[in-house]
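Have a look at the structure below, then the notes.
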Amino acid sequence: MAHPLRLLRSILRKGLEPLRDQSPASRLIRLTARKEWRLISLNMLCNLLQAAAEGATLGVIFLAVDLLSRPQGTSINWSSKPVLGWVPQLADLLNSLPRTHLFLMLLGLAVLLKVGQGLAMYVGSVAVGFYANRTSARLTSMLHSQVLGFSFPCASRYRVGDLQYINNSGPGTVIAEINIISSLVLNLLMLITYLLVLINLSPFLLVAAIGMGGLLALVQKQLLPKIRSRAVEFTDLARELSSRMTENIQGLRVLHTSGQLDAADQGVANQTRALEINSRAQTRLNAVNAPIIVILPIVMIAVIAALSMVFFGGRSSGVLPSLVTFVVALQRLNGTFGNLSQSLVQLRNNSASLDLLNSFLIESDKQFRRRGGQPFVAIECDIKLENVYLRYAPELEPALTNINLILPKGQTIALVGSSGAGKSSIADLLSGLYEPTEGEILIDGTKLTSFDLVSWQQRLGVVSQDTFLFNASIAENIAFGTPDINRQDIEMAAEQAQAAHFIRTLPNGFETLVGERGYRLSGGQRQRLSLARAILRDPELLILDEATSALDSESERLVQQAIDRFERKHTVLVIAHRLSTIVNADLICVLEKGRIVEKGNHSALISLEGRYASLWSQQSMQRKAGQTVHNV
């Protein structure tokens, strides 16, 4: 008896888990259940109707077999039957009907009960399906909001493939969990129905059913830990495969130019084989239940046939209907045990995906972007960085150390230095991607953290070396982030960014689709569209993060002309690799190892004969050498 009870406790524990635990997915299931209580109530009502119809059908089977097995001339005393005894008029009517009519009526009743059970099954499935779909829709929105709600450092910890896998698999995981739980509830009701029928027929033969449950519980005890282990491994492998394939597609250019296409293909093939091996092991484990469920009924029927004479032989009537009904009920009970067993297997298989989903949704170990604060309108005086430090992780060296810098309104500030000196880190702080580990950033004397982050970022223009364009038209890419803008302003921004000429040469002009990440355009063309996008925003602060370093001479010249015109009216922060592009800057800061080591305009820094002067001399000699080679 212990094994069936243990199985039942396991079923109840797993089935009720979403009602008890505090994981984000379970909370979402409960929240949606409260909002969609009508669907839940309808599903529960349909489950009860199915169980009642099943029990009534077994009762009709008993009566039909009892009627057929009686000798001619004898009849059933309907007044002694449950329910009918409460309605004497109906019992009298049945007693007066011919035997053939009674049998046909019982057959018709059995068909009607099954039709009613089928309708209840349909309505119940639709109800739980609607509930699951509503939960899935809310989860999809929640996952998207979670990703966009992360702070930039937090989001950067995830690979794009991992985020895609979680977003794609999460809704299906929750739908599967809801459907499995619904199936558990229905099968538990059916289990109770069959047990009541079996107890009513013979409490002694119920031992056969208990034995069957014990065997299934023993099988489950051995299988479930292995199934969960394989499911966890499968989820990890599938997530890794998804990430690898996503990165390969995103990095096609690098794979082509480095000759790594075959190596990347082989890597995916190896991971696919590992996933196949795991899937085969899961298939073997999952397939163990089916043969046992097929074999058990024959064994139990044979046992019942042998014992039926002992338990039913002493009856003067009802031996055959009792035996037939018992066998049918036991057969159905066996199927119900199998369904419950399969549901537990499915729960174990789904648990790994659910754990991954919950680990992503849980908020205690995540950092989220700052919300709220006073709206930012405009820079009136300046931006100040006071004693600013930045450390990307506790175990890493500081990226910035004791930075003190003033960006007066309407002036151009340039940052130069070797790779890793901290130039882009200052830009990241000003654009709100990171917050200082120590020190403060002040806008007209007010802390940047006091402003609403969104309102601040909407007044920035950022043009970086790695330009991102959406797979949309040129006009839509220029207008991104500036809703309700008119076409004339878009074209004017393109003119100012020196982009209008090449746009007009394209077949569809401003309506030309640029392709994924703008692959249909050259690097210089993408850069000019990015600058046009920034110009259209009319930003209070324009950040140029090595915006021309990867361009050819002609593209650089055109972009630089557009920047020069734009600089006259706006505050600009330029991160430069080519010093020739920032000789007219109001202030040039030289950074080394996260510190500002020199400040001044071009002339002052040349006369200082320090690090800047050395860099200028090196680049001047390189330019002269390049011109000599070109002339030759």
Qualifying positions in the range 440-476 - farther than 23 Å from PHE150 by Cα and in the same structural domain as LEU400 (by TED's automatic domain parsing): LEU442, ILE443, ASP444, GLY445, THR446
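I'm checking my understanding of the structure. Among residues of the range 578-600 that are part of a loop (DSSP other than H, G, I, E, B) and not acidic (Asp, Glu), which one is nearest to the chain's Cα centre (by Cα)? Steps first, please.
Initially, the range 578-600 is screened for residues part of a loop (DSSP other than H, G, I, E, B), giving 578, 582-586, 593-594.
Those left that are additionally not acidic (Asp, Glu): 578, 582-585, 593-594.
Details: ARG578: 43, ILE582: 45, VAL583: 49, ASN584: 49, ALA585: 47, LYS593: 39, GLY594: 38 Å.
The residue in question is GLY594.
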Residue under evaluation LEU429, criteria (1) more than 23 Å from PHE152 (Cα to Cα); (2) touching a residue at least 24 places away in the same chain (Cβ under 8 Å), criterion not met: (1)
Restricting the range 362-381 to residues that are over 13 Å from ASP452 (Cα atoms) and in contact with a Ser or Thr (Cβ under 8 Å, 6 or more places away or on another chain), the residue that is surrounded by the most Cβ atoms within 10 Å (Cβ to Cβ): ILE379
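Looking only at the range 502-519, decide whether some residue is within 20 Å of VAL572 (Cα to Cα), outside the structural domain of GLY410 (by TED's automatic domain parsing) and part of a helix (DSSP H, G or I). Steps first, answer last, please.
First pass over the range 502-519, keeping only residues within 20 Å of VAL572 (Cα to Cα): none.
So far as the range 502-519 goes, no, none of its residues is within 20 Å of VAL572 (Cα to Cα), outside the structural domain of GLY410 (by TED's automatic domain parsing) and part of a helix (DSSP H, G or I).
Would you check which residues across the range 406-427 are outside any loop (DSSP other than H, G, I, E, B), under 12 Å from LEU385 (Cβ atoms) and within 36 Å of the chain's Cα centre (by Cα) and list them? So that I can check it myself, show each step before the final result.
Step one: list which residues in the range 406-427 are outside any loop (DSSP other than H, G, I, E, B), which gives 406-408, 412-417, 423-427.
The next check asks that each one be under 12 Å from LEU385 (Cβ atoms); those that pass are 406-407, 413, 415, 425-427.
Correct list: SER425, ILE426, ALA427.
Looking only at the range 336-370, count how many residues are under 20 Å from SER182 (Cβ atoms) and of a type in the set (Lys, Arg). Outline the logic, then answer.
So in the range 336-370, the residues under 20 Å from SER182 (Cβ atoms) come out as 336-351, 353-354, 357.
Checking the rest, the ones that are also of a type in the set (Lys, Arg) come to 348.
Total satisfying the criteria: 1.
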Positions within the range 520-530 being assigned to a helix (DSSP H, G or I) and among the small types (Gly, Ala, Ser), in sequence order: GLY523, GLY524, SER530
The lone exception for VAL454 - which of (1) outside any loop (DSSP other than H, G, I, E, B); (2) aliphatic (A, V, I, L, M); (3) buried (at least 18 other Cβ atoms within 10 Å of the Cβ) it fails: (3)
Sole exception among (1) in contact with a helix residue (DSSP H, G or I) (Cβ under 7 Å, 6 or more places away or on another chain); (2) surrounded by fewer than 16 Cβ atoms within 10 Å (Cβ to Cβ); (3) under 25 Å from LEU587 (Cα atoms) for TYR389, by number: (1)
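The values are calculated or read from the model by the stated rules, or taken from the named source; none is laboratory data. Note that the coordinates shown come from a computational prediction; the quantities given were computed from them, not determined experimentally. Methodologically, a virtual Cβ is constructed for each residue, glycine included, from the backbone with ideal geometry; neighbour enumeration extends over all protein chains shown.
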